[in-house]
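Trainee: Please find one structure pasted underneath; my questions will follow.
The values are calculated or read from the model by the stated rules, or taken from the named source; none is laboratory data. Only a predicted model underlies this, so the values are computations on that prediction, with no experimental measurement involved. We place every Cβ from the backbone using ideal geometry, glycine too, and count neighbours over all the protein chains shown.
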Amino acid sequence: MNTSSATAASAMQTPYERLATLGITLPSPPPPIANFITHVREGNILYLSGQGPREADGHLHAGKVGSDVSIEEAYQHARLTGINLLAVMHDALGDLSRVKRVVKLLGMVNAVPHFESHPSVINGCSDLFVEVFGEAGQHARSAVGFGSLPGNITVEIEAIVSLND
């Protein structure tokens, strides 16, 4: 299959078929950890509250990126956070095919002061969204470092998504 045929075949797959190809099963959406809700829909825009690297069993990955957590580990944590964001999207919409486009991500990295590879970490989520939504998964993004995050988690990511009518 040539590249354009592979791209066309991929474009015909649903987000759920792409998730299955990736070996990903969506978990239940993680519950809020404070006084907020996981998402707000305003018209055709879905705003997703920040999610962290929570495993299905509730375990949260914690630590400082650049000292006790490597870039590669943090990339996987950002990917896991993306899976949790997808779980919230699915819960909010009932069908990920309703996603028209991932508009914007804000990725926060719990990093040591001299850390400079925030974009490489948040790529874990960005890469996942492109794998799941194709071109519609490409988005604007900020990837920034923080001195701390709740529970000392390694990453937190929030998203803005536009929806099909």
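Trainee: May I ask you to list the residues in segment 144-165 that are of a type in the set (Gly, Ala, Ser) and either under 25 Å from GLU42 (Cβ atoms) or touching a Cys at 6+ places or on another chain (Cβ under 8 Å) (or both)?
Mentor: ALA159, SER162
Trainee: Look at SER67 and say whether it is within 21 Å of GLN138 (Cβ to Cβ), touching a residue at least 12 places away in the same chain (Cβ under 8 Å) and of a type in the set (Ser, Thr, Tyr).
Mentor: Spelling it out, it is not the case that SER67 is within 21 Å of GLN138 (Cβ to Cβ), touching a residue at least 12 places away in the same chain (Cβ under 8 Å) and of a type in the set (Ser, Thr, Tyr).
Trainee: Determine the pairs where a residue that is under 15 Å from ILE160 (Cβ atoms) and in contact (Cβ under 8 Å) with a residue 60 or more places away in the chain, located within segment 29-46, has a partner that is β-branched (Val, Ile, Thr) and surrounded by 19 or more Cβ atoms within 10 Å (Cβ to Cβ) with Cβ atoms under 6 Å apart, the partner being 6 or more residues away or on another chain.
Mentor: LEU46/VAL161
Trainee: Still on this structure: Mind listing whichever residues of segment 135-161 are in contact with a Gly (Cβ under 7 Å, 6 or more places away or on another chain) and assigned to a helix (DSSP H, G or I)?
Mentor: If the condition is that a residue be in contact with a Gly (Cβ under 7 Å, 6 or more places away or on another chain) and assigned to a helix (DSSP H, G or I), then ASN152 is the only one that fits.
Trainee: Can you tell me how many residues in segment 107-134 are crowded, with 16+ Cβ neighbours inside 10 Å, part of a loop (DSSP other than H, G, I, E, B) and of a type in the set (A, V, I, L, M, F, W, C)?
Mentor: Within segment 107-134, residues that are crowded, with 16+ Cβ neighbours inside 10 Å, part of a loop (DSSP other than H, G, I, E, B) and of a type in the set (A, V, I, L, M, F, W, C) number 1.
Trainee: While we're on this one: Name every residue in segment 40-59 that is of a type outside the set (Asp, Glu) and either over 15 Å from the mean Cα position of the chain (by Cα) or part of a loop (DSSP other than H, G, I, E, B) (or both), in order of residue number.
Mentor: Correct list: VAL40, ARG41, GLY43, ASN44, ILE45, GLY52, PRO53, ALA56, GLY58, HIS59.
Trainee: Can you pull out the residues in segment 106-137 that are touching a helix residue (DSSP H, G or I) at 6+ places or on another chain (Cβ under 6 Å) and either polar (S, T, N, Q) or without any contact (Cβ under 8 Å) to a residue 24 or more places away in the chain (or both)?
Mentor: SER117, SER120, VAL130
Trainee: VAL99 versus (1) touching a residue at least 60 places away in the same chain (Cβ under 8 Å); (2) under 14 Å from GLU158 (Cβ atoms); (3) surrounded by 20 or more Cβ atoms within 10 Å (Cβ to Cβ): which is the lone unmet condition?
Mentor: In the conditions (1) touching a residue at least 60 places away in the same chain (Cβ under 8 Å); (2) under 14 Å from GLU158 (Cβ atoms); (3) surrounded by 20 or more Cβ atoms within 10 Å (Cβ to Cβ), VAL99 misses (2) alone.
Trainee: Here is a further query. What's the number of the only condition in (1) among the hydrophobic types (A, V, I, L, M, F, W, C); (2) modelled with pLDDT under 95; (3) surrounded by 23 or more Cβ atoms within 10 Å (Cβ to Cβ) that VAL65 fails to meet?
Mentor: Result: VAL65 fails condition (2) only.
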